[in-house]
């Protein structure tokens, strides 16, 4: 188990990065000497929206990122036990004779970090590409605009100010597997970085994806386009995709152009989800048999979602009948929940599957927990005219960096279970060995003891 008193949650790379991180940590130590508060549990009411954060909330965010890991859920809410009890709710159905089945592969956040280049990522997909891209539908969260006529704007090594991202075509080649695999079918574009390059960035991003024959959801160029969310039919199964974000950082959509991004107050208590209800109803009217929603919400660098986030997820699923939630924003993997609901449109009892966070995916954050992305592969089957989840396969990967003289030389997504079976694979890299042991402790403490362990596969 991680000891918070002796655990540094970040691993800087360069000398400059080590200096800046050291300075921030020193300031927190000085603050502690003068009576500053420590947080063992999440700050009550923390919503993580930069436009509305108080000074205390800003301090808490810096604290959990740079200084002390938060190892518990909300005080008095028993979230740890709640997620550990989820294992029995997912029932695999016998559909071996059904030809109407598809697979859906989902990854987490695709982000423009400084080392996501074709040169540094040549080996990235060697152990992960076949598992991830070998599915009927491949989806993810594109957490950056993609304006090919502007230079790339990277996530810095040490994040100490507002950041405005932009990816380039080379980076997108990394995201999509260098053309060696089928690539993405659907990408969510609604997240807190949707407007980083303004309205022009939204338009350029969508145009770029369309040129690659990739469907998109969450941002739009018109009110009409907003409701033209993807509805894809494979093997006789119709799947619709919706997408929404809790924040646009310090930005907002112009009042006359709310369609630029599906921006809702999802991190606050009792959010207005009328847009989700309307679009879920519209999806069912168009024939959707299975509804997937990308929900960019939650709080970063915490092992469990806040109780308020859990409540909001429950509200959304119960009022919309969404079958599968793919959560994003926390940047580290979080547990999965299986929620029994009554579909508001059909009156049928069913189950909503809530993935609170798969963490960073193609990225490289210095926060250690961000280096353990969760990849999921769902099987959807039509049984007695209903489309349900009949199987789930999960794999964890270690985002391993070869670091020389304070620079990332190469990135690779290494299979977690292979590393467990062969601990000598990281021999010669003492920093990586230590980091992976810490990630192993994180996975065993917060992910595998709950429901995720039963779905982990070795293929």
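The values are calculated or read from the model by the stated rules, or taken from the named source; none is laboratory data. What you are looking at is a predicted structure, and each value in this text was computed from that prediction instead of being measured. When we count neighbours, we look across all protein chains shown, and the Cβ atoms used for this are built from the backbone with ideal geometry, even at glycine.
Search the stretch 46-63 for residues being part of a loop (DSSP other than H, G, I, E, B) and without any contact (Cβ under 8 Å) to a residue 40 or more places away in the chain, and hand back the single one that is farthest from residue 249 (Cα to Cα). Outline the logic, then answer.
Kept after step one, since they are part of a loop (DSSP other than H, G, I, E, B), are these residues of the stretch 46-63: 46-54.
With the extra rule that they be without any contact (Cβ under 8 Å) to a residue 40 or more places away in the chain, the set shrinks to 52-54.
On the way: 52: 10, 53: 11, 54: 14 Å.
Ranking the qualifying residues of the stretch 46-63, first place goes to 54.
Listed here are the residues, each with its yes/no results for (1) at pLDDT 95 or above; (2) part of a loop (DSSP other than H, G, I, E, B); (3) closer than 23 Å to residue 242 by Cβ; (4) touching a strand residue (DSSP E or B) at 6+ places or on another chain (Cβ under 7 Å).
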site: 135; (1), (2), (3), (4): yes, yes, yes, yes
site: 139; (1), (2), (3), (4): yes, no, yes, yes
site: 149; (1), (2), (3), (4): no, yes, no, no
site: 159; (1), (2), (3), (4): no, yes, no, no
site: 163; (1), (2), (3), (4): no, yes, no, yes
site: 174; (1), (2), (3), (4): yes, no, no, yes
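Kindly evaluate residue 211 against the criterion of being assigned by TED's automatic domain parsing to the domain that holds residue 354, surrounded by fewer than 18 Cβ atoms within 10 Å (Cβ to Cβ) and modelled with pLDDT under 95.
Details: assigned by TED's automatic domain parsing to the domain that holds residue 354: yes; surrounded by fewer than 18 Cβ atoms within 10 Å (Cβ to Cβ): yes; modelled with pLDDT under 95: no.
No; evaluated as a whole, the condition is false for this residue.
Just give me the residues in the stretch 415-434 being in contact with a helix residue (DSSP H, G or I) (Cβ under 8 Å, 6 or more places away or on another chain), at pLDDT 90 or above and surrounded by fewer than 19 Cβ atoms within 10 Å (Cβ to Cβ), in sequence order.
Residues satisfying the conditions are 418, 420, 425, 433.
Taking the stretch 30-41 as the region of interest, how many residues are exposed (fewer than 11 other Cβ atoms within 10 Å of the Cβ) and assigned to a helix (DSSP H, G or I)?
2
Yes or no: the stretch 132-144 includes at least one residue that is more than 24 Å from residue 213 (Cα to Cα) and surrounded by 19 or more Cβ atoms within 10 Å (Cβ to Cβ). Full working, then the answer.
Going residue by residue through the stretch 132-144, those that are more than 24 Å from residue 213 (Cα to Cα) are none.
For the stretch 132-144, residues more than 24 Å from residue 213 (Cα to Cα) and surrounded by 19 or more Cβ atoms within 10 Å (Cβ to Cβ): absent.
Quick check on the stretch 370-410: of everything there that is at pLDDT below 95 and in a loop (DSSP other than H, G, I, E, B), which residue is surrounded by the most Cβ atoms within 10 Å (Cβ to Cβ)?
Across the stretch 370-410, the extreme among qualifying residues is 406.
Residue check: is residue 179 touching a strand residue (DSSP E or B) at 6+ places or on another chain (Cβ under 9 Å) and assigned by TED's automatic domain parsing to the domain that holds residue 163? Don't jump to the end; show me each part of the working.
Details: touching a strand residue (DSSP E or B) at 6+ places or on another chain (Cβ under 9 Å): no; assigned by TED's automatic domain parsing to the domain that holds residue 163: yes.
Against the criterion (touching a strand residue (DSSP E or B) at 6+ places or on another chain (Cβ under 9 Å) and assigned by TED's automatic domain parsing to the domain that holds residue 163), residue 179 does not qualify.
Go through (1) surrounded by fewer than 19 Cβ atoms within 10 Å (Cβ to Cβ); (2) touching a strand residue (DSSP E or B) at 6+ places or on another chain (Cβ under 8 Å); (3) modelled with pLDDT of 95 or more; (4) more than 21 Å from residue 366 (Cα to Cα) and name the single condition residue 51 misses.
So the condition that residue 51 fails would be (3).
Given the criterion in contact with a helix residue (DSSP H, G or I) (Cβ under 9 Å, 6 or more places away or on another chain), on the phi < 0 side of the Ramachandran plot and outside the structural domain of residue 9 (by TED's automatic domain parsing), identify the matching residue among 393, 382. Lay out the reasoning, then the answer.
Numbers: 382 fails: in contact with a helix residue (DSSP H, G or I) (Cβ under 9 Å, 6 or more places away or on another chain).
Residue meeting the stated conditions: 393.
Which numbered condition trips up residue 458, out of (1) closer than 22 Å to residue 336 by Cβ; (2) surrounded by 15 or more Cβ atoms within 10 Å (Cβ to Cβ)?
For residue 458, the exception is condition (2).
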